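J.: Mind having a look at this structure? Questions to follow.
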Amino acid sequence: MAKTLAGGAVLLVVACGVLAFSSDSATAGDWEKVVWGIVYEGDTSHPAQGATVVCKILKPDDSLRYQYPIPFTTESDGRYDFTIPYNQWELGDTIEVTATKGTAQKAEEKVITESGFVAPEEIINIILPTAIPQLVGTFGVFITIGVVGIVAVVALRKDRPRP
């Protein structure tokens, strides 16, 4: 009986030591990362519904380590989220999240500085730049040509001598 009890105690001490060591030494490759955030409309600061979001993991030399295979499309709350597998990121890598809606596009980056055990989530919010709708597309080209034409006519009239 004493032999069994001593063997159980040794096993318990070894198991506790392994657990304590593995908790303190958890590194990047041991846990997945959840990357999430909210995309906002720049002109209103409201959540951007229908924005397409892409997530990449870049190595320290800016080469691509991993790209999430499916872009995320935001719903009315503007939220996106990606789960990055444990073997697709390392400490020192950069998370790059790019949101696109219409002609507006914005990328935000964050360097991974903590293991997935310590910090399982990385939050990256994106504020899309404000587009001036009057100057986008064919209509905008006509407005720009018209404004330049008016400025040219005014400038030429000033150069004419008056009788």
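J.: Quick check: is even one residue across the stretch 60-67 at pLDDT 95 or above, closer than 27 Å to Leu128 by Cα and small (Gly, Ala, Ser)?
T.: Here is the first cut: in the stretch 60-67, the residues at pLDDT 95 or above are 60-67.
Next cut, closer than 27 Å to Leu128 by Cα only: 60-67.
Going one step further and asking which of them are small (Gly, Ala, Ser), we end up with 63.
Yes, the stretch 60-67 has at least one match.
J.: Could you tell me which residue of the stretch 101-118 is surrounded by the most Cβ atoms within 10 Å (Cβ to Cβ), considering only residues that are outside any loop (DSSP other than H, G, I, E, B) and among the acidic types (Asp, Glu)? Spell out how you get there, then give the answer.
T.: Of the residues in the stretch 101-118, the ones outside any loop (DSSP other than H, G, I, E, B) are 101, 104-111.
Filter once more, so that each one left must be among the acidic types (Asp, Glu): 108-109.
Values: Glu108: 15, Glu109: 12.
Only one residue tops the list, namely Glu108.
J.: Here's something else I'd like to know. Tell me yes or no: at least one residue of the stretch 127-142 is surrounded by 12 or more Cβ atoms within 10 Å (Cβ to Cβ), assigned to a strand (DSSP E or B) and at pLDDT 95 or above.
T.: Checking the stretch 127-142: at least one residue is surrounded by 12 or more Cβ atoms within 10 Å (Cβ to Cβ), assigned to a strand (DSSP E or B) and at pLDDT 95 or above.
J.: Does any residue of the stretch 6-28 turn out to be at pLDDT 95 or above, out of contact with any His (no Cβ under 9 Å at 6 or more places or on another chain) and among the hydrophobic types (A, V, I, L, M, F, W, C)?
T.: Here is the first cut: in the stretch 6-28, the residues at pLDDT 95 or above are none.
Within the stretch 6-28 (the criterion being at pLDDT 95 or above, out of contact with any His (no Cβ under 9 Å at 6 or more places or on another chain) and among the hydrophobic types (A, V, I, L, M, F, W, C)), the answer is no, since none of the residues qualifies.
J.: State all residues of the stretch 89-124 that are out of contact with any helix residue (DSSP H, G or I) (no Cβ under 9 Å at 6 or more places or on another chain) and of a type in the set (S, T, N, Q); if no residue qualifies, say none.
T.: Once the filter is applied, which keeps residues that are out of contact with any helix residue (DSSP H, G or I) (no Cβ under 9 Å at 6 or more places or on another chain) and of a type in the set (S, T, N, Q), the stretch 89-124 yields Thr94, Thr98, Thr100, Gln105, Thr113.
J.: Give me a count of the residues in the stretch 61-100 that are part of a loop (DSSP other than H, G, I, E, B), free of Cβ contacts under 8 Å to residues at least 24 places away in the same chain and crowded, with 17+ Cβ neighbours inside 10 Å.
T.: In the first step, residues of the stretch 61-100 are kept if they are part of a loop (DSSP other than H, G, I, E, B); the result is 61-63, 68-71, 74-78, 85, 89-93.
Pick out the ones that are also free of Cβ contacts under 8 Å to residues at least 24 places away in the same chain and you get 61, 63, 68-71.
Filter again for crowded, with 17+ Cβ neighbours inside 10 Å, leaving 68.
Number of matching residues: 1.
J.: Taking the condition of being among the β-branched types (Val, Ile, Thr) and under 15 Å from Leu128 (Cβ atoms), how many residues in the stretch 69-91 meet it? Before the answer, list the steps.
T.: To start, the set of residues in the stretch 69-91 that are among the β-branched types (Val, Ile, Thr) comprises 70, 73-74, 83-84.
Next, only the ones that are under 15 Å from Leu128 (Cβ atoms) stay: 73-74.
Total satisfying the criteria: 2.
J.: Within the stretch 29-44, does at least one residue satisfy the condition of being surrounded by fewer than 16 Cβ atoms within 10 Å (Cβ to Cβ), modelled with pLDDT of 95 or more and hydroxyl-bearing (Ser, Thr, Tyr)?
T.: Within the stretch 29-44, none of the residues are surrounded by fewer than 16 Cβ atoms within 10 Å (Cβ to Cβ), modelled with pLDDT of 95 or more and hydroxyl-bearing (Ser, Thr, Tyr).
The values are calculated or read from the model by the stated rules, or taken from the named source; none is laboratory data. Keep in mind that this is a model prediction, so the values were computed, not measured. Because the Cβ atoms are built from the backbone with ideal geometry, glycine has one as well, and the counts that use them run over all protein chains shown.
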